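The values are calculated or read from the model by the stated rules, or taken from the named source; none is laboratory data. Since the structure is predicted, the reported quantities are computational estimates derived from the model, not experimental observations. Cβ sites come from the backbone with ideal geometry, for glycine too, and all protein chains shown count toward neighbours. Side chains are part of the model used for accessible areas, which takes the heavy atoms of the whole protein and leaves out ligands, DNA and RNA. Shrake-Rupley method; radii C 1.70, N 1.55, O 1.52, S 1.80 Å.
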Protein chains: 2
Amino acid sequence: MLLNKDRLHARMVELQLDAVVATTPENVTYMSGFWAMPQWIRRGPQAYVVWPSPGKGEPEIVTSTATLDLVADQQIWVERVRRYGAFHVDGHPDDAKDPVSQRLLELQEALNHSDALSALVAALTDAGLTRARIGIDEIGLMPGQIDMLKERLPDASLLPAAGLFRHVRAVKTDEEIARLSKVAQIAERSIAAALAVARKGASELDLARAFHAQTVQDDAFPVLGCIGFGERSALMNVQPSDRKLRQGDVIRFDVGGRCRHYRADIARIATFGEPSEEVLRCHRALLAGVERACELIRPGVRVADVFEAAVETVRREGIGHYRRNHVGHGIGIDGYDAPSLTATSDEIIETGMVLCIETPYYQLGRWGLQVEDMVVVQVDGVERLMATSGDLTVLSP
Amino acid sequence: MLLNKDRLHARMVELQLDAVVATTPENVTYMSGFWAMPQWIRRGPQAYVVWPSPGKGEPEIVTSTATLDLVADQQIWVERVRRYGAFHVDGHPDDAKDPVSQRLLELQEALNHSDALSALVAALTDAGLTRARIGIDEIGLMPGQIDMLKERLPDASLLPAAGLFRHVRAVKTDEEIARLSKVAQIAERSIAAALAVARKGASELDLARAFHAQTVQDDAFPVLGCIGFGERSALMNVQPSDRKLRQGDVIRFDVGGRCRHYRADIARIATFGEPSEEVLRCHRALLAGVERACELIRPGVRVADVFEAAVETVRREGIGHYRRNHVGHGIGIDGYDAPSLTATSDEIIETGMVLCIETPYYQLGRWGLQVEDMVVVQVDGVERLMATSGDLTVLSP
């Protein structure tokens, strides 16, 4: 299961919540396993998961009739499903013999609500939650919906809960770690595929095509594809262009796709020809910063201490004036999960967190360097999710 | 330019607006050319475009310091840029010699606001809009931000404007039509690439990999990839599985990527071996429905009449009980632009609209059939953006 149920329930007790409602694509999938495509590819379509606290009822998915096939075809651990809106599919029990079609037929027979909000109100009402304290993931609703909900559930206390979901998602389950490990390694293979076409005159776009081709070959979807050469490697969000590879160029990758809904975000550096002394020194310093952070990270450590140690290491090892807002962040079904590794954070590292540890450094007009690894926090320290090291790769022109 | 400036200004006059503010990723890119990656790949990061009515000031982009490289590197027609938040990039004029680095250096020297909303308030204030009627694209803001904005601009009238942007985007500019035409044909080539690997024992996933590989080869990003065999072709949002291709299977594609931010959404049907009489008849009826809609569509025609004609045609030509909520929709930088081709719409077809015309039909447990073409409305009728017809493709096992 993706959901860290114990952590969710503990937080609900702490906040005295009788139920929570997931509304964003990430939280709906996280809570139920249900990937509601329309809300993932556009803003507007609504799907929810209502999750009462233990003993206060059964969890329930609320989604449009037009998405019930995805409910039927996916591995979902929430059994109750409530639908809204019309969608026409012909179906007869004599034809619908396979389990997915059978389940879809069954789902289509349920009572149909007029719209998403009415279905949500009905779900909360049927669960006896009209006077309850309910945490609502406020980010996925459309403007005005929260007020409509308050009007239709006047005796309930509706509290914003995006922060709760972010807190719960910060500590990953085994299934999540397996998915993150897989997608991290897909990103590494995709970098290797891109470097395989890095020859004189190849463009950033040539490398990007090779990168994404490997990503889709491995059943992942392209998301982040910053690939830059030379002076363009210093552009933090560099989008591949027709800039051609030249001897002496730094090549910076800050990349990662999505596989089974989970994200990768890693960075690697290559040079086309021997690197300058300065590039070597700076890269070594940045790598040392990541290594130092990884040495330090274990359950109970303050995130702010990790930040300080990483930045101090980079400064000592070669970039005296190094400055960063953060040296990493959680990653999961969202590309930026908690915690954020900043100087001012009061968060504490916990077992099961999956983190991107990164020390980018940009010299405008010259080059950008970056090491970014994905790691999982174990009881006694970090375990890398990577198959490759952050060492600089030197390509022969 | 992507923006249909005349249509925007006409609507602003009609609604007596002194300015509009774009907030969603789609509308920010549409209004300025600026693709603010973080808001495209996650929910939360904020970028805006403030667009005063003609004579009332200059348009302005509001975005985070961490995205200024994208401003510098993209073809953007809004010159003013206001930034917020810290991001560290080393830069010296002696090094930043290329135009992109130079521009980034210049952008980084501008006054830095503490957060997105403060920057937006400052932009509106500096434009003399504190007592103005301002249309705000309410969907891209985070919960609570609209109330904060009202508090900080107590004399302004802030009106929801997502509908205005949807209205303006419905009639495409030449640049948009060129992009939509390109991405439609990428989808067609990707279907051809998928069919090239359709042999006995190939899986839906095998076809999906070939499909997406072609899409990324053509510099597009995978978005919609519904590819189903046999009974799975009847699942409306079918996600590719390891289901193997068998003789007699229908293969349904409902697919399309994103290229230069513009979306494709097309559908095609193949059969693996000779189709049954019933499949042939139903497919012919669905194709006739699309053809009839295309014959009828021209400027001034009621969308509801197109709906009725398409459904009636499908019924007359072979599926007597055919039912649909819509027979198509606009497409552009969003996958569902206006208009929606429904029975109850009061919208009128206009020159320059780009539409997906579709007549899907699903028989649960048996097969799903669908024809979906992308067309642009010209003065005297529709022009197809497709290189292929909606005819059924018969593959020899």
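Side notes on the structure shown:
- Test for A:Asp305: is it open to solvent by 10 Å² or more (accessible area, probe 1.4 Å) and in contact with a Cys (Cβ under 7 Å, 6 or more places away or on another chain): no
Yes/no per residue for (1) within 20 Å of B:Val28 (Cα to Cα); (2) in contact with a helix residue (DSSP H, G or I) (Cβ under 9 Å, 6 or more places away or on another chain):
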site	(1), (2)
B:Lys97	no, yes
B:Val100	no, yes
B:Glu106	no, yes
B:Leu117	yes, yes
B:Ala122	yes, no
B:Ile134	yes, yes
B:Asp137	yes, yes
B:Asp147	no, no
B:Leu153	no, yes
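- Some residue of region A:84-97 being acidic (Asp, Glu) and modelled with pLDDT of 95 or more: no
- Pair list, Cβ < 8 Å and 6+ apart or interchain, from region A:102-116 residues that are closer than 19 Å to B:Arg366 by Cα to residues that are assigned to a helix (DSSP H, G or I) and among the small types (Gly, Ala, Ser): A:Arg103/A:Ala72; A:Leu104/A:Ala72; A:Leu107/A:Ala72
- Selection from region A:271-300 of residues that are small (Gly, Ala, Ser) and touching a helix residue (DSSP H, G or I) at 6+ places or on another chain (Cβ under 6 Å): A:Ala285, A:Ala288, A:Gly289, A:Ala293
- Looking across A:Thr359, A:Thr342, A:Thr313, one residue alone is open to solvent by 20 Å² or more (accessible area, probe 1.4 Å) and in contact with a helix residue (DSSP H, G or I) (Cβ under 8 Å, 6 or more places away or on another chain). It is A:Thr342.
- Tabulated pairs, region B:348-365, first outside the structural domain of B:Gln378 (by TED's automatic domain parsing) and more than 17 Å from B:Val171 (Cβ to Cβ), second surrounded by 23 or more Cβ atoms within 10 Å (Cβ to Cβ) and hydrophobic (A, V, I, L, M, F, W, C), C-beta under 8 angstrom, 6+ apart or interchain: none
- The number of residues in region A:127-152 that are more than 17 Å from B:Ala162 (Cβ to Cβ), surrounded by 19 or more Cβ atoms within 10 Å (Cβ to Cβ) and touching a Ser or Thr at 6+ places or on another chain (Cβ under 8 Å) comes to 5.
- Restricting B:Asp219, B:Asp155, B:Asp174 to those that are under 26 Å from B:Met374 (Cα atoms), open to solvent by 50 Å² or more (accessible area, probe 1.4 Å) and more than 11 Å from chain A (Cβ to nearest Cβ) reduces the list to B:Asp174.
- Scanning region B:362-381 for residues that are within 14 Å of B:Val290 (Cα to Cα) and either open to solvent by 40 Å² or more (accessible area, probe 1.4 Å) or acidic (Asp, Glu) (or both) gives B:Glu372, B:Asp373.
- Evaluated against (1) within 11 Å of chain B (Cβ to nearest Cβ); (2) closer than 30 Å to B:Tyr361 by Cβ; (3) crowded, with 18+ Cβ neighbours inside 10 Å, A:Asp94 falls short on exactly one condition, (3).
- Meets criteria (touching a strand residue (DSSP E or B) at 6+ places or on another chain (Cβ under 6 Å) and away from every other protein chain (no Cβ under 14 Å)) for B:Ala208: no
- Of all the criteria given as (1) buried (at least 17 other Cβ atoms within 10 Å of the Cβ); (2) closer than 26 Å to B:Val216 by Cβ, the one not satisfied by A:Leu164 is (2).
- Pick from region A:266-287, criterion open to solvent by 10 Å² or more (accessible area, probe 1.4 Å) and in contact (Cβ under 8 Å) with a residue 24 or more places away in the chain, ranking: nearest to A:Leu207 (Cα to Cα): A:Arg268
- Of all residues making up region A:232-265, the number that are in contact with a helix residue (DSSP H, G or I) (Cβ under 8 Å, 6 or more places away or on another chain), surrounded by fewer than 21 Cβ atoms within 10 Å (Cβ to Cβ) and more than 12 Å from chain B (Cβ to nearest Cβ): 2
- Residue-level analysis places B:Phe165 outside the set of residues that are under 24 Å from B:Met386 (Cβ atoms) and either free of Cβ contacts under 8 Å to residues at least 60 places away in the same chain or away from chain A (no Cβ under 11 Å) (or both).
- Restricting A:Arg43, A:Arg7 to residues that are basic (Lys, Arg) and under 26 Å from B:Gly256 (Cα atoms) narrows the list to A:Arg43.
- Tally, over region A:313-328, of residues that are away from every other protein chain (no Cβ under 11 Å) and either farther than 25 Å from A:Leu385 by Cβ or in contact (Cβ under 8 Å) with a residue 60 or more places away in the chain (or both): 4
- Residue within region B:321-335 that is over 28 Å from the mean Cα position of the chain (by Cα), open to solvent by 30 Å² or more (accessible area, probe 1.4 Å) and at pLDDT 95 or above present: yes
- So A:Lys182, is it open to solvent by 60 Å² or more (accessible area, probe 1.4 Å), in contact with an Asp or Glu (Cβ under 9 Å, 6 or more places away or on another chain) and in contact (Cβ under 8 Å) with a residue 12 or more places away in the chain: yes
- A:Gly248, sole failed condition from (1) over 14 Å from A:Leu395 (Cβ atoms); (2) free of Cβ contacts under 8 Å to residues at least 40 places away in the same chain: (1)
- Considering region B:99-126, and only residues there that are part of a loop (DSSP other than H, G, I, E, B) and either under 17 Å from B:Thr23 (Cα atoms) or at pLDDT 95 or above (or both), the residue that is most open to solvent (accessible area, probe 1.4 Å) turns out to be B:Ser114.
- The numbered conditions (1) touching a helix residue (DSSP H, G or I) at 6+ places or on another chain (Cβ under 6 Å); (2) under 24 Å from B:Glu109 (Cα atoms) are all true for B:Pro25 except (2).
- Qualifying residue in region A:224-231 (condition: outside any loop (DSSP other than H, G, I, E, B), more than 27 Å from B:His212 (Cβ to Cβ), within 12 Å of another protein chain (Cβ to nearest Cβ) and open to solvent by 10 Å² or more (accessible area, probe 1.4 Å)): yes
- Matching option when the condition is β-branched (Val, Ile, Thr), touching a Lys or Arg at 6+ places or on another chain (Cβ under 9 Å) and within 30 Å of A:Leu224 (Cβ to Cβ), among B:Ile269, B:Ile227: B:Ile227
- Matching residues, region B:18-62, being over 15 Å from B:Gly135 (Cβ atoms), among the β-branched types (Val, Ile, Thr) and within 11 Å of chain A (Cβ to nearest Cβ): B:Ile41
- Test: residue in region B:26-48 that is at pLDDT 95 or above and farther than 30 Å from A:Glu138 by Cα: no
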